Amino acid sequence: MSAYLIRRLLYAVPLLLGVNILTFLLFFVVNTPDDMARMQLGQKRVGPEAIRDWKHERGYDLPLLWNEGAEGTAQVTETIFYQKSVGLFLFRFGRSDQGRDIGADIRTRMWPSLAIATPSLVLGVAVNVSLALLVVLFRLTYLEFWGMALCVALMSVSSLFYIIGGQYLFGKLLQLVPISGYDGGRDAWRFLILPLTISVISGIGSGVRWYRTLFLDEVEKDYVRTARAKGLGELRVLFTHVLRNALIPILTGIVVLLPLLFTGSLLNESFFAIPGLGSYTIDAIQQQDFAIVRSMVYLGSTLYILGLLLTDISYTLVDPRVRLH
Amino acid sequence: MIPTLFWTDGLFFLVLAMAGALVLVMRRREHFRRPWRTVSRSTPAMVSLVVIAVYLAVGIVDSVHFFPRADAAGSAAGANEPISLLDHWLGGLRTRTEKTYSEPFAAYAYAKEHLPTADGGQRWDYPRLTYGGAHLVDPESERVRDIAVTGVRGAGQGGLMWLIAAAGIAALIARSRREPIGRVVHRVARGQTPLPWRAMLLTLLLLCVGGGAIAEWSAHYHVFGTDKVGADVLYQTIKSIRTGLLIGTLTTFVTLPLALVLGLAAGYFRGWADDLIQYLYTTLNSIPHVLLIAAAILLTQVYMAKHEEAFASLALRADLRLLFLCLILGLTNWTGLCRLLRAETLKLRELEYVQAARALGVRDHGILLRHILPNVFHIVLISVVLDFSGLVLAEAVLSYINIGVDPTTESWGNMINSARLELAREPPVWWSLAAAFVFMFTLVLAANLFADAVRDALDPRRAE
């Protein structure tokens, strides 16, 4: 087990290196710092001095990979790659193009993201799994047919409409909750309940369909027939026997998402003005702040790789037959 | 009229030609005909196919571009932008713009204005629209009746067109099955044909009647109202069809070659090739897709700004951005299919017939092309059909974050994006959102239903 974990951890190193090099290529080689400067300062009437100053303030005026002018190790360290990309390995994100400290921003903004993403995930899975089990309970009836038809319909609505419609209905017409905003204190739930509801509802369509196929795979197996034969009720069979055996694929889907809870949901956060990492990313994209986008790419990838690792470990916990070598 | 071909037009027609060729090839192979026969017997699938075909027809007509005037080359840039055949046909809709918002079927504007009165003074009231309901003398009393009469007339024309089409289809069925036409009509009406013709014809009837009524209305009214700058919303949402279809189809130009070549190679050759390819797609997969797309789109913008002279016309620039978006979506989308293909190839290469082929000295590329590719092809088909609706939905989200299609391109995402704050107005401006919702939902729902049927029929684990 520990040997396996160490090997998986080591395998993460080339992956992170790959992500790092890819982002470096995208942000500094394909798109040179000169282009970024011109983009930020406006296209027309930008003198070379203004560009030089802009680059110097942000440390983009160094050579990309190899500094000819420096001495000794500075030949490697006094470069954009070393200063901007290697720091990411140690989670030193540096400063954004607007001069803010990205690391500090991330640390303050990840809490609102967690506050909204965690309950969304938990509640979403609970609702989807229960509904899917109910659909399986009523299989081969009209209820199943229309339930599945409803799921396809729900799935075909763009998530934007769920958000816009929910805000209009609950926020504006019924005036139940504030349309958007965020408060860190005890009143936070008033702001969180609407995005939470909407993210659960918008996930029902695809979620129920997915879990239903998992349960249908299990429901014809021998152990289920045995459970029925010994006289257990169908509800009991489904919610204990089938659910427990379908846990492995359910877990795979969830555990990989856990670390990504930190980065939050892009759409929800930006529509509901929640100051989390999702809206941070969207703002950065819209302001074309490459330093933040680069940091978020790296952070997201790291968390995803961590999620893959956690998935493997969780296998051994739910299924004693699985041994990791 | 000088015809012109945008990049996306050409590639779209290429996709259609390839799909057509594929249909011809599959018609001759029994192992493909059997699953498709299952699909063709499924009512939801065939009804969806009718809807998709109508969308496709609009998309095709909207992809034939030309310069409206003959002196295209000589005139100043921008003054003579190329238009599509659809623009030409909907000419009125495109040019009949009001000043600002107006409700669906409205004759009066959304906002009050100072209007001159007969005695030289001014009054504060809703002005009449320039085009919407302009033929009415007194909208208050005549409008509802006029809408009803025009609607019935349009629906009647649509119904007539449907009758002709239905008669033609019945005649074709009668000829191919060598039965008297009366019996064919009888059997279609009772739903006793192997293909669900009754459901398909009813769908077509609905589309014809609805389309006829809308066409007739739109000559005198703005059926879905107008937006902030007074442009007709119906026109925008019809134009968005092409964008949605392109995003859903052109992406395959990147996904399919990458996934096929890399997936088959990884599964078949194993060893270092497998390691390398797995490494490649795990790396790509671990980068959040939205951010990768954002980065790539930002880069394209920078590139376009730097090479302004190469993208002279606005239409060309918007078109290339759409193309880039498709390519980038393809780059982030191939990994899932590649993984499926790799796993399936790993299984297939150990089967006896492949071993036998290898023992007989068939070369690797021969085995891959003749023995493995045909046997993984159903995975490719399923994945392409399943991905389509997701891509159409993704476009809307990306446009909201401003990393989607060009702001000047009509797309459902852009419509939603520009209309999302308008619900907060008093009275709320809901019609742009409603139009985008109806048209987008119909396409995505049809695509989802069709994809489900295709998957059920083609996936051997699900069939029977």
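The values are calculated or read from the model by the stated rules, or taken from the named source; none is laboratory data. Computed from a prediction, not measured in an experiment: that's the story for all the values here. Counting neighbours? That spans all protein chains shown, and the Cβs are built from the backbone with ideal geometry, glycine included. Only protein heavy atoms, including side chains, enter the accessible area calculation; ligands, DNA and RNA are left aside. Shrake-Rupley method; radii C 1.70, N 1.55, O 1.52, S 1.80 Å.
Below is a table of values for the structure above.
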{"read-out": "Criterion violated by A:Ile285 - all others in (1) β-branched (Val, Ile, Thr); (2) open to solvent by less than 10 Å² (accessible area, probe 1.4 Å); (3) at pLDDT 85 or above satisfied", "value": "(3)"}
{"read-out": "Matching helices (runs of 4 or more DSSP H) fully within segment A:206-284 where at least 1 residues are among the basic types (Lys, Arg)", "value": "A:222-229"}
{"read-out": "Residue in segment B:177-186 that is surrounded by 18 or more Cβ atoms within 10 Å (Cβ to Cβ), in the same structural domain as B:Thr43 (by TED's automatic domain parsing) and closer than 23 Å to B:Trp36 by Cβ present", "value": "yes"}
{"read-out": "Hits in segment B:78-137 - residues which are in a loop (DSSP other than H, G, I, E, B), over 30 Å from B:Met1 (Cβ atoms) and open to solvent by 50 Å² or more (accessible area, probe 1.4 Å)", "value": "B:Lys99, B:Glu103, B:Lys112, B:Ala118, B:Asp119, B:Gly120, B:Tyr126, B:His135, B:Val137"}
{"read-out": "Subset of segment B:243-291 [within 14 Å of another protein chain (Cβ to nearest Cβ) and open to solvent by 20 Å² or more (accessible area, probe 1.4 Å)]", "value": "B:Trp272, B:Asp275, B:Leu276, B:Gln278, B:Tyr279, B:Leu280, B:Thr282, B:Leu284, B:Asn285, B:Pro288, B:His289, B:Val290"}
{"read-out": "Matching residues in segment B:224-245 - criterion: being out of contact with any strand residue (DSSP E or B) (no Cβ under 8 Å at 6 or more places or on another chain) and in a loop (DSSP other than H, G, I, E, B)", "value": "B:Asp227, B:Lys228, B:Val229, B:Ala231"}
{"read-out": "Every residue from segment A:181-228 that is open to solvent by less than 40 Å² (accessible area, probe 1.4 Å) and among the acidic types (Asp, Glu)", "value": "A:Glu218"}
{"read-out": "Filter pass, A:Leu306 being in contact with a helix residue (DSSP H, G or I) (Cβ under 9 Å, 6 or more places away or on another chain), over 27 Å from A:Tyr162 (Cα atoms) and open to solvent by 30 Å² or more (accessible area, probe 1.4 Å)", "value": "yes"}
{"read-out": "Some residue of segment A:157-174 being open to solvent by 30 Å² or more (accessible area, probe 1.4 Å) and part of a loop (DSSP other than H, G, I, E, B)", "value": "yes"}
{"read-out": "Cβ pairs under 7 Å, 6+ apart, first in segment A:229-249 and on the phi < 0 side of the Ramachandran plot, second part of a helix (DSSP H, G or I) and modelled with pLDDT under 85", "value": "A:Leu247/A:Val318; A:Ile248/A:Tyr315; A:Ile248/A:Val318"}
{"read-out": "Number of the exception - A:Leu150 against (1) more than 14 Å from every other protein chain (Cβ to nearest Cβ); (2) within 26 Å of B:Val392 (Cα to Cα)", "value": "(1)"}
{"read-out": "Residues located in segment B:252-281, provided they are part of a helix (DSSP H, G or I), closer than 30 Å to B:Gln355 by Cβ and of a type outside the set (A, V, I, L, M, F, W, C)", "value": "B:Pro257, B:Gly263, B:Gly267, B:Tyr268, B:Gly271, B:Asp274, B:Asp275, B:Gln278, B:Tyr279, B:Tyr281"}
{"read-out": "Answer from B:Leu234, B:Leu245, B:Leu206, B:Leu172 - the residue that is free of Cβ contacts under 8 Å to residues at least 12 places away in the same chain and within 30 Å of B:Ser102 (Cα to Cα)", "value": "B:Leu206"}
{"read-out": "Lone qualifier among B:Ile238, B:Ile173 - being of a type in the set (Val, Ile, Thr) and surrounded by fewer than 20 Cβ atoms within 10 Å (Cβ to Cβ)", "value": "B:Ile173"}
{"read-out": "Yes/no for B:Leu160 being without any contact (Cβ under 8 Å) to a residue 24 or more places away in the chain, of a type outside the set (D, E, K, R) and over 30 Å from B:Pro104 (Cβ atoms)", "value": "no"}
{"read-out": "Condition check for A:Arg92: open to solvent by 40 Å² or more (accessible area, probe 1.4 Å) and either touching a helix residue (DSSP H, G or I) at 6+ places or on another chain (Cβ under 6 Å) or closer than 30 Å to A:Ser202 by Cβ (or both)", "value": "no"}
{"read-out": "Residue tally, condition open to solvent by less than 50 Å² (accessible area, probe 1.4 Å), aliphatic (A, V, I, L, M) and closer than 20 Å to A:Leu10 by Cα, over segment A:309-325", "value": "3"}
{"read-out": "Test: residue in segment B:194-213 that is modelled with pLDDT under 90 and either open to solvent by 40 Å² or more (accessible area, probe 1.4 Å) or assigned to a helix (DSSP H, G or I) (or both)", "value": "yes"}
{"read-out": "Selection from segment A:165-212 of residues that are of a type in the set (A, V, I, L, M) and either in contact with a strand residue (DSSP E or B) (Cβ under 9 Å, 6 or more places away or on another chain) or closer than 19 Å to A:Arg109 by Cβ (or both)", "value": "A:Ala188, A:Leu192, A:Leu196"}
{"read-out": "Some residue of segment A:46-59 being open to solvent by 30 Å² or more (accessible area, probe 1.4 Å), assigned to a loop (DSSP other than H, G, I, E, B) and at pLDDT below 75", "value": "yes"}
{"read-out": "Flag for B:Thr249 being assigned by TED's automatic domain parsing to the domain that holds B:Ala394 and part of a helix (DSSP H, G or I)", "value": "yes"}
{"read-out": "Scan of segment B:340-358 for residues that are open to solvent by 70 Å² or more (accessible area, probe 1.4 Å) and not in a helix (DSSP H, G or I), ordered by number", "value": "B:Glu350, B:Leu351"}
{"read-out": "In segment A:239-279, the residues that are over 13 Å from the mean Cα position of the chain (by Cα), within 14 Å of another protein chain (Cβ to nearest Cβ) and open to solvent by less than 20 Å² (accessible area, probe 1.4 Å)", "value": "A:Phe272"}
{"read-out": "Some residue of segment A:183-195 being hydrophobic (A, V, I, L, M, F, W, C), within 11 Å of chain B (Cβ to nearest Cβ) and part of a helix (DSSP H, G or I)", "value": "no"}
{"read-out": "Filter result for A:Val177 (crowded, with 17+ Cβ neighbours inside 10 Å, more than 22 Å from the chain's Cα centre (by Cα) and either among the charged types (D, E, K, R) or not in a helix (DSSP H, G or I) (or both))", "value": "yes"}
{"read-out": "Any hit, segment A:173-190, residues being touching a helix residue (DSSP H, G or I) at 6+ places or on another chain (Cβ under 9 Å) and of a type in the set (Asp, Glu)", "value": "yes"}
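To keep it simple, each residue is scored yes or no on (1) out of contact with any Lys or Arg (no Cβ under 6 Å at 6 or more places or on another chain); (2) in a helix (DSSP H, G or I); (3) modelled with pLDDT under 85; (4) farther than 30 Å from A:Arg186 by Cβ.
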site: A:Glu68; (1), (2), (3), (4): yes, no, yes, yes
site: A:Gln75; (1), (2), (3), (4): yes, yes, yes, yes
site: A:Lys84; (1), (2), (3), (4): yes, yes, yes, yes
site: A:Gly99; (1), (2), (3), (4): yes, no, yes, yes
site: A:Trp111; (1), (2), (3), (4): yes, yes, no, no
site: A:Ala115; (1), (2), (3), (4): yes, yes, no, no
site: A:Ala126; (1), (2), (3), (4): yes, yes, no, no
